[in-house]
Every structure is written in structure tokens, then in C-alpha cells.
1. Give me 130, 144 ranked fewest to most by other Cβ atoms within 10 Å of their Cβ, as a rough exposure proxy.
2. Using a Cα-Cα cut-off of under 26 Å, which lysines could be cross-linked to residue 74, ignoring same-chain neighbours fewer than 8 residues away?
Amino acid sequence: MIWDALGVNGWTLSQLMELSFPQLLFLQRGRGRILYARLEPQVQANLANLSAKPGPKGEPSEAHKVIQQHQKRKAGVIVPLTADERALAYARRILLEPYLGDPDVVEEQATAGALPPPFPGMGVDEAQAWVTWVQGHHCPAPVWLEIQTVYNNIYAAAQVKA
């Protein structure tokens with residue numbers, strides 16, 4: 001099993017040896033870090049369409065939109081997706097199913113229009129701090145592997161109105 005995961009970009013043998021058996025299974029199912037060689041053409045295609053030039057009517061460029069969204073995520077600002085953005089995200093999940101797993105598991109919850117139940121006993125401030133920490137890419141991979149099953153519940157706790 002470890003030998004299967006060694007081809008995954010970014011993992012060393014010592015890091016893999018520290019993972020638990022469920023974490024190794026998760027990696028083996030293809031939901032861990034993705035092989036860069038498989039996705040590199042898609043990444044290059046996405047970057048080829050990215051421009052820093054403003055639109056013809058003065059609207060922000062695609063690059064500035066990406067930067068603004070990134071800064072909002074790092075600041076912990078939770079912005080709900082529009083219907084079009086949800087449709088595009090679902091289409092991407094379908095295309096990336098071999099890497100990310102079945103998109104309908106997440107989509108069923110999204111189409112129901114309800115967040116999962118908030119994490120029990122977690123306050124709004126604490127939940128927002130967790131969400132900011134994770135979305136700011138400060139969460140180490142071993143911690144993420146442990147909390148990913150309850151992250152949606154933590155996210156729901158961050159959305160609770162005080």
C-alpha cells in the first residue's frame with residue numbers, strides 16, 4: 001500500500017510511515033494528493049486562459065478575480081456560491097471524479113439546500129477560526145486527514161447566527 005502512494009507527488013516515505021491505516025486507504029483511493037503528471041496538462045490549460053488585462057468595459061481581469069477570491073478565503077470571509085458557480089463546481093467534480101470521488105455525495109447535500117448539522121459543542125468563533133485556518137492553507141496534511149470528515153459540520157457551525 002505504501003508503495004502505491006509513493007508515486008503521489010509530495011509524500012516522502014517517512015511521511016507515509018506516520019499515517020494511520022485509514023489515512024493510507026484514503027490516499028490509495030485517489031483522494032489524497034493528486035499525481036501532478038496527470039493533472040499538469042489541465043493546469044496549464046487553465047493558466048493559459050488566465051489574463052491580467054481588464055475587460056473591455058473596465059471590469060476586473062480574471063487574474064484579479066482569482067486574487068480577490070483567494071484573499072477573501074484567507075481572511076475567512078465565507079461567500080456563498082451563485083447558482084452558476086455551483087453548477088460549474090459540480091461539473092468540475094464530475095470531471096475529476098477519478099481523483100476526488102463520487103460528486104453526488106456532496107451534491108445531494110448541496111441540492112437539499114441545507115448545511116449539515118453544526119459540530120456539537122463548537123461555538124461560532126471557534127468554528128470560524130478553524131475555517132479560516134483550513135482555508136488559509138495553514139492546516140498540515142495529517143491534521144486535514146483527521147478532520148476532513150467533520151469539516152462540513154465545522155463549516156456549518158461557523159455559519160450559525162449568534
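1. So the residues, fewest neighbours to most, are 144, 130.
2. Partners found: 53, 65, 161.
All of the numbers you see were taken from the coordinates with simple rules; none came from a lab. Just so you know, these numbers come straight off a predicted model, no measurement behind them. Cβ atoms come from the backbone with ideal geometry, glycine included; neighbour counts cover every protein chain shown.
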